[in-house]
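Here's the structure we're looking at; comments come further down.
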Amino acid sequence: MTFQHHHKRATCRLCDSKKLECVVHLTPTPVANALVTPADKDKVQPVYPLDVYRCDECGHLQLLDIVDPAVLFSHYVYVSSTSPVMVNFLKDQCAAIIRRLGLKKGDLVIEIGSNDGTMLRFFKTAGMRVLGIDPAANIAPQPDDVETITDFFNAGLGKRIREQYGPAKAVCAYNVCAHVDNLQGVIDGVRELLAPDGQFVLEVGYLLDVYRKTLFDTIYHEHVDFHHVEPLRRFFAKNDLALVHVECADIQGGALVGYVGKAGAQPEKSVDAFIALEREAGLDKAITFRHYSEKISRRKDELMALLEGLKAKGKTIAAFGATAKATTLMYHFDLDQSLIDYIVDDNPIKQGLLTPGRHIPIFAPEILYEKKPDYVLMLAWNFAESIIAKHRHYAGMNSRFIVPLPDLMLVGAGD
């Protein structure tokens with residue numbers, strides 16, 4: 001079948017092997033952030049295959065059905081600064097990078113996928129020179145705030161930046177490397193940019209958490225890779241780089257932060273320790289992921305039984321978070337307006353629009369206090385704690401929240 005703005009790759013993104021096996025099949029979805037206006041509510045949006053393949057050579061998990069990056073990222077609706085949890089996380093990560101790399105005032109820090117400049121502002125405040133690269137012009141900060149190049153990053157751009165700005169002591173890519181089909185081109189550009197003692201710092205969703213916590217809704221077309229340490233170590237080594245340190249981060253359901261230096265840099269014990277944990281969990285075996293679909297089906301049965309039971313009793317259900325992951329969850333669990341009356345979201349860019357495909361209306365959170373739904377389903381479950389704390393009493397003591405993942409949970413105003 002032919003899809004517009006789509007192609008299917010035939011090789012592993014990390015090692016180029018053609019030995020690829022489909023291990024997880026999810027319901028096809030529209031582009032996860034393709035919100036529509038009410039005027040377009042009757043238009044049918046294309047859906048794309050959402051299948052996860054495992055490389056038999058290096059063990060990497062990935063999507064092979066690729067949607068044109070210009071469609072996905074040129075006009076972006078995710079903005080880092082709308083989440084206080086994310087802002088604090090990036091602030092802490094900035095401090096950790098400065099401390100670990102011994103950055104000094106005047107050192108150059110470059111961020112690939114810099115979004116609205118949230119992270120780079122912290123480096124700028126600490127006295128570093130900063131430069132962002134991001135293809136989404138609609139969310140880029142003003143030049144006098146955080147200088148940003150509006151483009152996709154690759155080796156050619158990396159070379160031009162080094163010629164103009166000099167070598168970088170730190171190149172950061174937070175929540176980026178899972179989004180890039182041509183990851184090789186990005187790494188070629190990073191090599192161009194790094195100073196001899198510089199390091200590449202990446203943060204990605206961690207496959208071990210995706211597997212253990214059944215976070216299947218982190219699988220959508222913007223995320224073409226699902227990373228763990230062992231394949232990454234091989235990938236960097238073949239590119240004359242060394243993965244020297246890894247650590248977990250408690251963000252977005254579970255993330256992996258890695259520090260990568262030039263070839264010859266001495267790896268720390270954390271790298272081997274993480275690989276041992278991954279093997280213990282079975283991430284090095286295809287059968288582990290063949291059983292993953294069974295875990296997803298159990299989560300669906302649990303949530304659908306709850307929601308259908310509440311609707312049968314005449315209860316009203318709103319949802320919180322018109323997130324990209326919500327598209328995967330709603331399609332695979334078959335959630336539509338027969339179960340969810342409307343969705344609220346803190347991001348003003350999304351308010352007044354409709355969700356991809358299902359076309360459920362999105363409002364500002366204030367509507368919860370007006371309509372007082374019986375339950376609020378937390379589609380943005382990864383920020384559930386902070387959202388519930390903020391809106392715990394939207395209906396007084398009758399406020400109730402449903403958290404679908406990692407485990408189904410009901411939270412009341414008094415809990």
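The values are calculated or read from the model by the stated rules, or taken from the named source; none is laboratory data. All figures in this text were calculated on a predicted structure; none of them were measured in a lab. Neighbour counts are summed over all protein chains in view; Cβ atoms, including those assigned to glycine, are modelled from backbone coordinates with ideal geometry. Side chains are part of the model used for accessible areas, which takes the heavy atoms of the whole protein and leaves out ligands, DNA and RNA. Shrake-Rupley method; radii C 1.70, N 1.55, O 1.52, S 1.80 Å.
Laid out as a table, the results:
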{"quantity": "Distance violations [Cα-Cα > 25 Å] among 313/371; 41/350; 295/350", "calculated": "295/350"}
{"quantity": "Nearest-ten-degree value, helix 84-101 long axis tilted from longest Cα axis of the chain", "calculated": "20"}
{"quantity": "Aspartates and glutamates whose Cα lies under 17 Å from that of residue 262, excluding same-chain neighbours fewer than 8 positions away", "calculated": "188, 192, 197, 240"}
{"quantity": "Region 173-185 - phi-based ³J(HN,Hα) in whole Hz, Karplus 6.51/-1.76/1.60, Gly and Pro as x", "calculated": "9, 9, 6, 10, 5, 7, 9, 10, 5, 8, 5, 4, x"}
{"quantity": "DSSP bridge orientation in the chain - percent antiparallel, rounded to nearest 5", "calculated": "55"}
{"quantity": "Estimated FRET transfer efficiency (residue 197, residue 300; beta-carbon r; R0 51 Å; 0.05)", "calculated": "0.55"}
{"quantity": "Degrees, to the nearest 10: 155-165 long Cα axis against longest axis of the chain", "calculated": "70"}
{"quantity": "Region 23-128, relative contact order in percent, only Cα pairs under 8 angstrom and at least six apart counted", "calculated": "20"}
{"quantity": "Distance violations [Cα-Cα > 26 Å] among 169/285; 300/325; 43/213", "calculated": "169/285; 43/213"}
{"quantity": "Accessible surface of region 340-415 [probe 1.4 Å, protein heavy atoms]: carbon and sulfur percent", "calculated": "53"}
{"quantity": "Sequence-distant residues sharing a close amide H with residue 24 (under 5 Å, placed H)", "calculated": "52"}
{"quantity": "Trypsin sites (Lys or Arg not before Pro) restricted to DSSP loop in region 1-70 with at most 14 other C-beta within 10 Å", "calculated": "18, 19, 41, 43"}
{"quantity": "GNM result for the chain, Cα springs below 10 Å: residue of 30, 267, 361 fluctuating most strongly", "calculated": "267"}
{"quantity": "Nonlocal amide H pairs with residue 17, under 5 Å, H built at 1.01 Å", "calculated": "12"}
{"quantity": "Restricting region 251-348 to trypsin sites (Lys or Arg not before Pro) in coil, as DSSP defines it, with at most 11 other Cβ within 10 Å", "calculated": "313"}
{"quantity": "Accessible area per residue, Å², region 163-209 with all protein chains present, probe 1.4 Å", "calculated": "30"}
{"quantity": "Area of residue 291 that stays accessible when all protein chains are in place (1.4 Å probe, Å², to 10)", "calculated": "90"}
{"quantity": "Charge-dipole axis of the chain as Lys and Arg at +1 and Asp and Glu at -1 on Cβ define it, positive-most pick from 281, 384, 66", "calculated": "281"}
{"quantity": "Eligible aspartates and glutamates near residue 18 by straight Cα distance, threshold 12 Å, same-chain separation 8 or greater", "calculated": "56, 57"}
{"quantity": "Value of relative contact order over the chain, rounded to a whole percent, pairs C-alpha under 8 Å and six or more apart", "calculated": "15"}
{"quantity": "Projected label distance in nm at residue 265 and residue 25, using a 7 Å step from Cα toward the beta-carbon", "calculated": "4.2"}
{"quantity": "Theoretical ellipticity at 222 nm over the chain - DSSP helices of four or more residues, -39500 (n - 2.57) apiece, nearest 500", "calculated": "-9500 deg cm²/dmol"}
{"quantity": "Cα gyration tensor category, rounded, prolate or oblate, for the chain with a/c compared to 1.5", "calculated": "prolate"}
{"quantity": "Simple Cβ-charge dipole of the chain, Lys/Arg +1 and Asp/Glu -1, about Cα centre, in debye nearest 20", "calculated": "340"}
{"quantity": "Antiparallel content of DSSP bridges confined to region 183-320, in %, to 5", "calculated": "95"}
{"quantity": "Positive-end residue, region 200-329 charge dipole about Cα centroid, Cβ charges, pick of 304, 226, 246", "calculated": "304"}
{"quantity": "Dipole of region 80-191 [Lys/Arg +1, Asp/Glu -1 at C-beta], most positive-end residue of 108, 133, 154", "calculated": "108"}
